[in-house]
Amino acid sequence: MFEQLKKDALQKIENANDLEQLEKLRVALLGKKGTITEQVKTIGTLPAQERPKAGKILNELKQEVQRAIEAKRESLQRVEAEKLSAKMWVDVTLPGARRRVGHRHPIMKTLEEIEIIFVSMGFKVVEGPEIEDSWHNFDALNTPEWHPARDEHDSFYLDDLLLRTHTSPVQIRTMLSEQPPIAIISPGRVYRRDYDATHLPMFTQVEGLYVDENVSVAHLKYTLEKFAQEIFGKQRRIRLRPSFFPFTEPSFEVDVSCGVCGGKGCQACGYSGWLEILGAGMVHPNVFRNVGYDPEKWTGFAFGMGVERITMLKYNIKDMRDFVRNDKRFLENF
Amino acid sequence: MLVPLEWLREYVQTDWTEEEIANRLTMAGISVKNIVVPAIKGKVVCAIVKKVQPHPNSEKLHVLEVFDGANTYRTVTSDLTVGENSRVAIAMPGTVLSNGSIVEPASIKGILSEVVMCSLEELGLETKSEYVYQIEEEIPIGTDLIRYWKIDDRVLEVEITPNRPDCLGIIGIARELAALCGAPLQMPEIDFEQRNEDVNDFLKVSVEDLDGCPRYCAGYMESVKINHSPIWLRRRLMNAGIRPINNVVDISNYVMLETGHPVHIFDYSQITDGHIIVRKAQEGEQVTLLDEKQYTLKGIETLIADRKKIIAIGGIMGAMNSGVTDCTEKIALEVAYFNPVRIRKSSKSLNIKSDASYRFERGVDPNDAIFVMKRLMHFVEKIAHGKATKGFVDIYPQRISPKQVFLRRSRLHAVLGTTVQDQRVKEILESLEMNVHITKDGWKTQIPTFRNDISIEEDIIEEVGRIYGYEKIDPQAPKITASGKGWSDLSLFRKTIRQILIGSGFDETVNLSFASSSVVKDLMNIDSLKLKNPMTEDMDCLRPSLIFGLIDALSYNVKRQIKDVKIFEIAKTYSLNNGVPVEREKIGIVMMGQLNEEDYTDNRSASLLNMKGVLDELSSHLSVDLQVVPEQIDWLTAGRSGKILLEGEEIGVIGMLNSKFNQVYDIKGEIYYMELDLERIFEKSKICRQPKEIPSFPAVRRDISILIPVGFASGQILSFFARSSEYVEKVGVSDVYKGKDLPEGVVSVTFYVIYRAFDRSLTDEEINTIFEKTVRDIEDTFGVKRRFA
């Protein structure tokens, strides 16, 4: 009886192209004046015994059409969503349009780290000139002109002046202008006539000085071990190997235990278990006298390290010249 | 210095292994860098030649039968001097010889040679030798020669710090070892005969230069027979790195290595009247030394001379005319003490570094001269059959006495930060041959004269510390009370700039401070601060601009196909100001290639305005007003350069490098560069400014496009707008347009102005009036026209 009506309705629903069309169709079928609604209204006109049956059939028809519309709506909504998404589509697997941020130079990166370690121990960063006179660079540091120790400081000269061979002159300048207690580190560029895989004619040094009453070797040992552990790792130990510098007495080379073998000896440390990282010592009384400090009242320790060497050990860099070549591919690692 | 272990053990009995000796010496400050293991390994035995026959296939070879006490071996040799009953050192198959070669049975012209008869070179006893070594000593046939001659003895390679000349002799190192292991130091024996004739009958010494030579000790010996040295002496010299010459020369080297005190031996027959005169050189005197080179003297040297000629430069090197030769029979022996500073000056000015000068300039013991002289005579008698006369000539008018130093107990413990037992301190100091007397407060010590490095209390504290062992000192945290913040304002300012630049995509570089003065002159036409002693010609001055250095980094990358480079450096530049060298810290920035290489949505290349963008960003962050004024600068490209002003003062430059840079450094493409004076910007910067109040009333914006001809500085219009009304909050440019619809040589620049009042909303009408008037004023003032009239 309503077969044709049902077939037509379902066919039209199936053919609906978009949500708008479907909504119109729903109104046309199930709206107040919709075809099916109109049919329902005619039930009352049927003979009484037919009414329940017709009512049931029509009700089922109405529900079926409603379900079909719902199903179609969902399907159309999916299609619409897909269309929308195609319009908005960005391939997020493409590389990002990157704004490249630059890189710190490895020497500066290590230097910053060294500074932070000592500053947090109470040291202050002080700088000074690169062009020095030989009094500040040598004589004040208990290294008179004909001292053989000058052999290790082959200097560049500019008439009467020279390029500092270490940043120790900054210590002298600081002591001349301030009274103890003093705790400073002095980073900066220094110059020596040497150029190969382990020497640059210009390199970066950090020197440190601590002057107070009753400063001892035990204090030096604590400070430098702390430093070594902060920069290389908590497991590291240091040892003080007696050495000689004209401006300290006693003097030491400070070795750190090898990070590869832990001190047992391997190729990385030349089978000694130790790597030399810095020079240190107790400030020589003559240095104090030269700056007008009373060596009876004040004692102190000083140390000096090459930032290049520390960086090479930390990052396993073999050729010191890489630092001044500035190959972009090298710099991008830092 | 090279220290043969077997030699070292002659003076100290210890059961420590080589490794332990090396480690303990190192930890006492005698740094052992390496333990050298000789290459020789295997079996070398003493054998006797039983039969010598010609080689059937060669006239230049002999075939020999040699007997080692058990077996007879056949060997082929080209050394035709080896005869029957000669005793030789034969190396068995598998033996590695000193020169690295391995012995294998081999057929030589059809005859199988089973073993090798060694030369001195192959035994490591000579640097070069062509003959088979024929043994002179009485050694039983069959003796294992590697062990007998100890030619596989290991050698310590030791680095001696400049303060320890006493350790430039094996006895000095033995003394250290003895102190460390608690064994006595066994001084070597002295045993020789002195004849009755008085030395003064043969030798006379006059010292005129007492300052240069405070002690001159001389001896005389005759009947000397020059020959080569015995094997044990050769081996010790070779292992210590000195080539054997002849017995007398070898003895002098040996005694120097043993005692650390250089000596010299003259051929007595060459000394006129047997009269040695020690005098100061006169400037311009000439002498030919044993290195066969002629030297002109500076007048500071101490000379050993006779009435007619110079026979040595004291403490440095002997002269050719008086050296020991094969015919020498009579010798004069010198053991002197020369002034270290004078030796160093002379050695530097003559550019001669000898084993002798190296030791004298560090300071030898003036008081061991007689011991050293006796040791020399002992060997000359034993090895070269020399006969000594009675006594020595010894000119030593002002005796150098041992120093007395008092070590306070309180000071020792304060400096070391630990307590060392009194008795232990005494033991340590005595083991180093100091004379020690314990008092209530410390130790009264007398320092032996071979320790010229010890003169104050701290020096003795070091001695105690290094023998006691620094590993026994417990670390102790210092209570640092020094005040002040960690970094100076300048240093924090520098850090900020580095962060801005790195964040803007620039890689930080570190470049050498050197440049080539000729390149600087060529490119910038300025004179640079020259070094007196540069390493190379291309590093002969200090760079006047950071571009030298930065451009080397750029060129290094470009040559490796890295073409997009944005780099900077913060460092000193150097110049001369009224003859005084001046260093100033600058910021140098280089830009080349793609602007944003990692951003493929942006294919713009570096440009001058992008570089200026960096400058403007710095201005904004650092709160300084950095202005660029067009200016033609020689080394920058015409039309693309400017100077940077800060409050009217020139503090930098910006621009594109001129093509000469491209040529000199072989780089193609536009290179942009900017350099700023860091210190000047720091002085003017107000990083700590107070923030402006955030306005609460709306802004009004107006835009206008104005046609700008080439060469016109648009900055003038920006400033004009900025000054045009009290309501102007900001002026800027939103577009620069170059189109075909515009006349040639003209661009359209769109300016915008933002107006705002702090206390009310501005009306469109009042702003229209102000803006329109300003634009008209601009047109009148600068003769420019708006694009859409």
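The values are calculated or read from the model by the stated rules, or taken from the named source; none is laboratory data. Since this is a predicted model, take the numbers as computed values, not measurements. Cβ placement follows ideal geometry from the backbone for every residue including glycine, while neighbour counts extend to all protein chains displayed. When the accessible area is computed, the model is the full protein with side chains, heavy atoms only, and any ligands, DNA or RNA have been set aside. Shrake-Rupley method; radii C 1.70, N 1.55, O 1.52, S 1.80 Å.
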**Item:** Members of region B:13-54 that are of a type in the set (Val, Ile, Thr) and within 12 Å of another protein chain (Cβ to nearest Cβ)
**Value:** B:26, B:30, B:32, B:35
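Mind telling me which of the residues A:98, A:150 ends up being closer than 30 Å to residue B:550 by Cα, open to solvent by 30 Å² or more (accessible area, probe 1.4 Å) and either more than 8 Å from chain B (Cβ to nearest Cβ) or at pLDDT 90 or above (or both)?
Working: A:150 fails: closer than 30 Å to residue B:550 by Cα.
Testing whether each residue is closer than 30 Å to residue B:550 by Cα, open to solvent by 30 Å² or more (accessible area, probe 1.4 Å) and either more than 8 Å from chain B (Cβ to nearest Cβ) or at pLDDT 90 or above (or both) leaves just A:98.
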**Top-ranked residue of region B:628-651 - restricted to ones that are closer than 21 Å to residue B:709 by Cα and open to solvent by 80 Å² or more (accessible area, probe 1.4 Å), ranked as farthest from the chain's Cα centre (by Cα)** = B:630
**Prompt:** Can you tell me which residues in region A:181-201 are farther than 19 Å from residue A:115 by Cα and crowded, with 24+ Cβ neighbours inside 10 Å?
**Reply:** A:191
**Message:** For a quick check of your reading: which strands (runs of 3 or more DSSP E) sit entirely within region B:1-72 and have at least 2 residues that are more than 26 Å from residue A:243 (Cβ to Cβ), open to solvent by 50 Å² or more (accessible area, probe 1.4 Å) and at pLDDT below 95?
**Reply:** B:44-55, B:58-67
**Request:** Give me a count of the residues in region B:524-542 that are free of Cβ contacts under 8 Å to residues at least 60 places away in the same chain and open to solvent by 70 Å² or more (accessible area, probe 1.4 Å).
**Result:** 5
**Asked** Could you count how many residues in region B:326-356 are part of a helix (DSSP H, G or I), surrounded by 24 or more Cβ atoms within 10 Å (Cβ to Cβ) and touching a Leu at 6+ places or on another chain (Cβ under 9 Å)?
**Response** 1
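How many of the residues making up region B:472-489 are open to solvent by less than 70 Å² (accessible area, probe 1.4 Å) and more than 8 Å from chain A (Cβ to nearest Cβ)? Before you say what the answer is, go through the steps one by one.
Residues of region B:472-489 that are open to solvent by less than 70 Å² (accessible area, probe 1.4 Å), as a first pass: B:473, B:475, B:477-478, B:480, B:482, B:484, B:486-488.
Of the ones still in play, those that are also more than 8 Å from chain A (Cβ to nearest Cβ) are none.
Going through region B:472-489 one residue at a time, the tally reaches 0.
In region A:194-217, what count of residues is obtained for those that are at the interface with chain B (Cβ under 8 Å from one of its Cβ atoms) and of a type in the set (D, E, K, R)?
So in region A:194-217, the residues at the interface with chain B (Cβ under 8 Å from one of its Cβ atoms) come out as A:195, A:200-202, A:204, A:210, A:212, A:214-217.
Adding the requirement that they be of a type in the set (D, E, K, R) leaves A:212.
Matching residues across region A:194-217 total 1.
Select, from A:3, A:74, the only residue that is loosely packed, with under 12 Cβ neighbours inside 10 Å, out of contact with any Ser or Thr (no Cβ under 9 Å at 6 or more places or on another chain) and at pLDDT 90 or above. Even if it seems obvious, please write down each step before you answer.
On the way: A:3 fails: at pLDDT 90 or above.
After applying the criteria, what remains is A:74.
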**Prompt:** With A:137, A:142 as the choices, which residue is modelled with pLDDT of 85 or more and under 20 Å from residue A:200 (Cβ atoms)?
**Reply:** A:137
**Flag if residue B:616 is farther than 21 Å from residue B:542 by Cα, free of Cβ contacts under 8 Å to residues at least 12 places away in the same chain and open to solvent by less than 30 Å² (accessible area, probe 1.4 Å)** = no
**Prompt:** Within region A:219-334, which helices (runs of 4 or more DSSP H) (wholly inside it) include 3 or more residues that are more than 10 Å from every other protein chain (Cβ to nearest Cβ)?
**Reply:** A:285-290, A:307-315
**Fill in**
When residue B:86 is run through (1) under 18 Å from residue B:152 (Cβ atoms); (2) surrounded by 13 or more Cβ atoms within 10 Å (Cβ to Cβ), the failure sits at (1)
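What about residue A:191, is it within 28 Å of residue A:148 (Cα to Cα) and within 8 Å of chain B (Cβ to nearest Cβ)? So that I can check it myself, show each step before the final result.
On the way: within 28 Å of residue A:148 (Cα to Cα): yes; within 8 Å of chain B (Cβ to nearest Cβ): yes.
So residue A:191 fits the description; yes.
Criterion first (in contact (Cβ under 8 Å) with a residue 60 or more places away in the chain and at the interface with chain B (Cβ under 7 Å from one of its Cβ atoms)) does residue A:125 satisfy it?
It is true that residue A:125 is in contact (Cβ under 8 Å) with a residue 60 or more places away in the chain and at the interface with chain B (Cβ under 7 Å from one of its Cβ atoms).
Listed here are the residues, each with its yes/no results for (1) open to solvent by 20 Å² or more (accessible area, probe 1.4 Å); (2) among the polar types (S, T, N, Q); (3) out of contact with any helix residue (DSSP H, G or I) (no Cβ under 8 Å at 6 or more places or on another chain).
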| position | (1), (2), (3) |
| --- | --- |
| A:232 | yes, no, no |
| A:238 | no, no, no |
| A:253 | yes, no, yes |
| A:277 | no, no, no |
**Fill in**
Only one of (1) among the basic types (Lys, Arg); (2) surrounded by fewer than 17 Cβ atoms within 10 Å (Cβ to Cβ); (3) touching an Asp or Glu at 6+ places or on another chain (Cβ under 9 Å); (4) under 25 Å from residue B:522 (Cα atoms) does not apply to residue B:668, and that is (3)
**Members of region A:102-118 that are of a type outside the set (Lys, Arg), in contact (Cβ under 8 Å) with a residue 60 or more places away in the chain and open to solvent by 10 Å² or more (accessible area, probe 1.4 Å)** = A:103, A:111, A:113, A:115, A:117
**Message:** Under 6 Å between Cβ atoms, which residue pairs at least 6 apart in sequence (or on different chains) link something in region B:500-523 that is surrounded by 20 or more Cβ atoms within 10 Å (Cβ to Cβ) with a partner that is in a helix (DSSP H, G or I) and of a type in the set (Lys, Arg)?
**Reply:** B:523/B:660
**Fill in**
For region A:163-180 the number of residues that are open to solvent by 20 Å² or more (accessible area, probe 1.4 Å) and more than 13 Å from chain B (Cβ to nearest Cβ) is 2
**Request:** Would you check if there is a residue in region A:139-151 being within 29 Å of residue A:322 (Cβ to Cβ), polar (S, T, N, Q) and in contact (Cβ under 8 Å) with a residue 24 or more places away in the chain?
**Result:** no
**Asked** Looking at region B:440-453, which of the residues that are open to solvent by 40 Å² or more (accessible area, probe 1.4 Å) and in a loop (DSSP other than H, G, I, E, B) is nearest to residue A:148 (Cα to Cα)?
**Response** B:452
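Residue-by-condition table, conditions (1) in contact with a Gly (Cβ under 8 Å, 6 or more places away or on another chain); (2) more than 10 Å from chain A (Cβ to nearest Cβ); (3) within 18 Å of residue B:654 (Cβ to Cβ):
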position	(1), (2), (3)
B:536	no, no, no
B:545	yes, yes, yes
B:548	no, yes, yes
B:551	no, yes, yes
B:581	no, no, no
B:596	yes, no, no
B:600	no, no, no
B:608	yes, yes, yes
